[in-house]
Amino acid sequence: MALELKNITHKVGSETHIYDTSLKLEPGGFNVLLGATNAGKSTLIKILAGLERPTEGQVLMNGQDVTGISPQKRNIALVHQFFVNYPHLSVYENIASPLRVAGIPKDEIRTRVHEAAEILKLEPMLERKPGELSGGQQQRCALARAIVKESTAIFLDEPLANLDYKLREELRDQLPDLFANRGSIVVYATSEPAEALMLGGQTILMHEGRITQSGATGDVYRKPQNLTAAEVFSDPPINRATVTKKGTSFSLGTSVTWEATGSSASLADGTYTVAIRPHFVVPTRTESCSVALDGVVEITEISGSDSVAHFRPGQDSSWVSLASGVHPYNVGEKHSFFFDPTACFYFDQNGSLAATGGAHG
């Protein structure tokens, strides 16, 4: 049963939260809704789920208009980033609650609850109350309730945001498998590009109330259709600068030049915006990262086993390097960095992708 948004908009007073949007989601798919805070992800999920009505447009399920139909009549499940469980009920009864409302026979309820509890490692806790569980266990209880319901559509609104790192990583790995082969439409909202890449499936990029691109996650990441999409799908922020192409080479300022590679070799001479992800900008020269770019280091940090450096190669731009290992940087001092020209995206003056340097990952 496909779920479709048809030319919907959403306004609150004079403010537009969702601009003219059309989207079709197919059953059995895992769809990641990726965008920064206030991009419109939660609003879009509420409209899909029937919690809010669009100002204009239609919501269709299997071709039928359900725009004015309540969530209870749509057979959907919704899991928020905040744990929503019934505190007076046991874990078993929390998971079973939507099945009791639906009038499912007791034996089937028991079977489905135990199946969901086994998947989410909740069986030893079925007789406990939510207040006796850790935060991660409470969220697993909410996820079990979504699984057991066997809904037509399942909406997960940043469900792992409030969990500790280890549990977040564990559930992130499990989620696509948890909902696989159930025939449901799954929509997972997140503000983390790395999470979208880990979850796979289809990714829908959102920015300021608009969908900027959608498609297979790997394709969207490797070939953003516009500069906004490239910026949404990059953390740390993607590096960008104005460059000039003349003949077979590009120049950034007066001292940095490199040969055009990939489809960028066929670009007409002119001015473009180059963009390159931080992990293709490193502090040591390698065979692939060979174009030198000097800059004054402004901020440094260690992220896991990676070193991050924010540096300023010129007055009008700030770049980020993300490199494996620990690298010695001194804030306020000039440092040499090197980037891979084959990993560059080139955008025209309208912000549309004009060409790539060749390889992306």
Scanning the stretch 306-320 for residues that are farther than 25 Å from T356 by Cβ and open to solvent by 60 Å² or more (accessible area, probe 1.4 Å) gives R312, Q315
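For the stretch 122-143, which positions are assigned to a loop (DSSP other than H, G, I, E, B) and within 31 Å of the chain's Cα centre (by Cα)? First the steps, then the outcome.
From the stretch 122-143, those assigned to a loop (DSSP other than H, G, I, E, B) are 122, 126-129, 133-134; that's our starting set.
Within the stretch 122-143, L122, L133, S134 qualify.
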Looking only at residues in the stretch 350-361 that are in a loop (DSSP other than H, G, I, E, B) and modelled with pLDDT of 95 or more, which one is most open to solvent (accessible area, probe 1.4 Å)?
-> N350
Strands (runs of 3 or more DSSP E) lying entirely in the stretch 248-305 (those with 2 or more residues that are of a type outside the set (A, V, I, L, M) and exposed (fewer than 13 other Cβ atoms within 10 Å of the Cβ)) | 270-276, 291-303
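Out of Y188, Y86, Y92, report the one residue that is among the aromatic types (F, W, Y) and open to solvent by 70 Å² or more (accessible area, probe 1.4 Å).
Values: Y188 fails: open to solvent by 70 Å² or more (accessible area, probe 1.4 Å); Y92 fails: open to solvent by 70 Å² or more (accessible area, probe 1.4 Å).
After ruling out the rest, the residue left standing is Y86.
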Take the stretch 26-61 and flag every residue that is farther than 14 Å from A153 by Cα, open to solvent by 60 Å² or more (accessible area, probe 1.4 Å) and under 20 Å from the mean Cα position of the chain (by Cα).
-> A36, T37, N38
The stretch 177-197, subset of a type in the set (G, A, S) and touching a Ser or Thr at 6+ places or on another chain (Cβ under 8 Å), residue modelled with the lowest pLDDT = S184
How many of the residues in the stretch 132-167 are at pLDDT 90 or above and open to solvent by 70 Å² or more (accessible area, probe 1.4 Å)?
-> 1
Just for the stretch 324-344: of the residues that are open to solvent by 10 Å² or more (accessible area, probe 1.4 Å) and part of a strand (DSSP E or B), which one is farthest from S251 (Cα to Cα)?
-> S324
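Condition (residue is part of a loop (DSSP other than H, G, I, E, B) and farther than 25 Å from G63 by Cβ) applied to the stretch 146-154: is it met by at least one residue? I'd like the intermediate steps shown before the answer.
If we filter the stretch 146-154 for residues that are part of a loop (DSSP other than H, G, I, E, B), which is where we start, we get 149-152.
Pick out the ones that are also farther than 25 Å from G63 by Cβ and you get none.
No, that holds for no residue.
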Considering every residue within the stretch 204-215, establish whether at least one is open to solvent by less than 20 Å² (accessible area, probe 1.4 Å), assigned to a helix (DSSP H, G or I), closer than 29 Å to F280 by Cα and in contact with a Leu (Cβ under 8 Å, 6 or more places away or on another chain).
-> no
Y92 being among the aromatic types (F, W, Y) and at pLDDT 90 or above | yes
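Yes or no, residue by residue, for (1) among the basic types (K, R); (2) under 18 Å from F337 (Cα atoms); (3) touching a Pro at 6+ places or on another chain (Cβ under 7 Å):
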residue: P236; (1), (2), (3): no, yes, yes
residue: S249; (1), (2), (3): no, no, no
residue: L252; (1), (2), (3): no, yes, no
residue: G262; (1), (2), (3): no, no, no
residue: T271; (1), (2), (3): no, no, no
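Quick one: would you say S321 is in a strand (DSSP E or B), under 31 Å from the mean Cα position of the chain (by Cα) and polar (S, T, N, Q)? Outline the logic, then answer.
Numbers: in a strand (DSSP E or B): yes; under 31 Å from the mean Cα position of the chain (by Cα): yes; polar (S, T, N, Q): yes.
Yes, satisfied.
In the stretch 298-328, how many are out of contact with any helix residue (DSSP H, G or I) (no Cβ under 7 Å at 6 or more places or on another chain) and under 27 Å from Y165 (Cα atoms)? Explain how you work it out, then say what you get.
The first filter runs over the stretch 298-328 and keeps only residues out of contact with any helix residue (DSSP H, G or I) (no Cβ under 7 Å at 6 or more places or on another chain), leaving 298-319, 323-328.
With the extra rule that they be under 27 Å from Y165 (Cα atoms), the set shrinks to 299-310, 323-328.
Residues in the stretch 298-328 being out of contact with any helix residue (DSSP H, G or I) (no Cβ under 7 Å at 6 or more places or on another chain) and under 27 Å from Y165 (Cα atoms): 18 in total.
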Single unsatisfied condition, E127 versus (1) touching a Ser or Thr at 6+ places or on another chain (Cβ under 8 Å); (2) under 25 Å from T43 (Cα atoms) | (2)
Check whether at least one residue in the stretch 164-177 is in contact (Cβ under 8 Å) with a residue 12 or more places away in the chain and of a type in the set (D, E), and report yes or no.
-> yes
Collect the residues in the stretch 216-236 that are in contact (Cβ under 8 Å) with a residue 40 or more places away in the chain and assigned to a strand (DSSP E or B), keeping them in residue-number order.
-> N226
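On the basis of being within 25 Å of V79 (Cβ to Cβ) and part of a helix (DSSP H, G or I), does E195 make the cut? Can you show your working first?
Numbers: within 25 Å of V79 (Cβ to Cβ): yes; part of a helix (DSSP H, G or I): yes.
Considered against the rule, which asks whether it is within 25 Å of V79 (Cβ to Cβ) and part of a helix (DSSP H, G or I), E195 comes out as yes.
I need the full set of residues from the stretch 2-15 which are of a type in the set (A, V, I, L, M, F, W, C) and not in a loop (DSSP other than H, G, I, E, B), in order please. Walk me through it before giving the result.
Step one: filter the stretch 2-15 for residues of a type in the set (A, V, I, L, M, F, W, C), giving 2-3, 5, 8, 12.
Once the filter is applied, which keeps residues that are of a type in the set (A, V, I, L, M, F, W, C) and not in a loop (DSSP other than H, G, I, E, B), the stretch 2-15 yields L3, L5, I8, V12.
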Among the listed residues L353, L293, L322, which satisfies the condition of being among the aliphatic types (A, V, I, L, M) and more than 24 Å from D219 (Cα to Cα)?
-> L293
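The values are calculated or read from the model by the stated rules, or taken from the named source; none is laboratory data. Please read all numbers here as calculations on a predicted model, not as lab measurements. Positions of Cβ are backbone-derived with ideal geometry, glycine not excepted, and every protein chain shown enters the neighbour counts. Calculation scope for accessible area: heavy atoms of the full protein, side chains included, ligands and nucleic acids excluded. Shrake-Rupley method; radii C 1.70, N 1.55, O 1.52, S 1.80 Å.
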